Amino acid sequence: MAAAPDPDEILCSTSGKTNFQRIARLLISGGTSLLREIFDFICPPSHLPTILSNPVTKNQLKGAKLTKPQWHCLCPSPGVYGKSADFDVTLLFRLLRTICSLVPPVTGWDALPACTDASLTADIARIKYYRNSVYGHVNQGMSITDDEFQTLWQEISEPLVRIAGQISPARKTTWQGAIT
């Protein structure tokens, strides 16, 4: 029988765990916030009920295979529509790629785009890719080496800053300052 893991080892702080937490915060807090901002930029909150009640949009969303909780988030009750502040990152991804008339990156929505593709859709796909690969499929150690951290930080922060720049030059400057 294998020895049980030592709780002190599992729960202790390390440089690698701190790196993981910083990357997770960048992806989850930063990524979700910016995806929500770009969604609101493309689909302004004042227009969202009209967009969601449109039969064409409803058909698009049916094809997006939303879960029951996602549908409930979009339409909490008949005639009542949700707001992006309540949408999680997965629902934001689905909405951006389904109802926002965005052309998918060359590599598609589910693959890491080429490093030379700096389009909005490629940056959205990058955030999804890194969210899934780093955070969604986290290893038990929840640790990232210093070298991995530097690479990931750059590969994630650059698209976030570009997405912010799509909203406004001021948002880009604010995000650049917060990320560095």
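A few points about this structure:
A quick yes/no check of all residues on (1) among the small types (Gly, Ala, Ser); (2) open to solvent by less than 80 Å² (accessible area, probe 1.4 Å):
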residue: ALA114; (1), (2): yes, yes
residue: THR121; (1), (2): no, yes
residue: ARG131; (1), (2): no, yes
residue: GLN176; (1), (2): no, no
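- Qualifying residue in segment 108-123 (condition: of a type in the set (Phe, Trp, Tyr) and within 19 Å of ASP40 (Cα to Cα)): no
- Of the helices (runs of 4 or more DSSP H) lying entirely inside segment 94-180, those containing at least 2 residues that are within 16 Å of the chain's Cα centre (by Cα) and hydroxyl-bearing (Ser, Thr, Tyr) are 120-130.
- Selection within segment 1-21 - loosely packed, with under 10 Cβ neighbours inside 10 Å and charged (D, E, K, R): ASP6, ASP8, GLU9
- Pair list, Cβ under 7 Å, 6 or more apart: segment 21-41 residue in a helix (DSSP H, G or I), other residue at pLDDT below 95 and of a type in the set (Lys, Arg): LEU27/ARG131; GLY31/ARG131
- Checked against the criterion of being touching a helix residue (DSSP H, G or I) at 6+ places or on another chain (Cβ under 6 Å) and exposed (fewer than 14 other Cβ atoms within 10 Å of the Cβ), segment 85-96 contains one or more residues that satisfy it.
The values are calculated or read from the model by the stated rules, or taken from the named source; none is laboratory data. These numbers were taken from a predicted model, which means no experiment stands behind them. Neighbour counts run over all protein chains shown; Cβ positions are idealised from the backbone, glycine included. Accessible surface areas use protein heavy atoms only, side chains included; no ligands, DNA or RNA. Shrake-Rupley method; radii C 1.70, N 1.55, O 1.52, S 1.80 Å.
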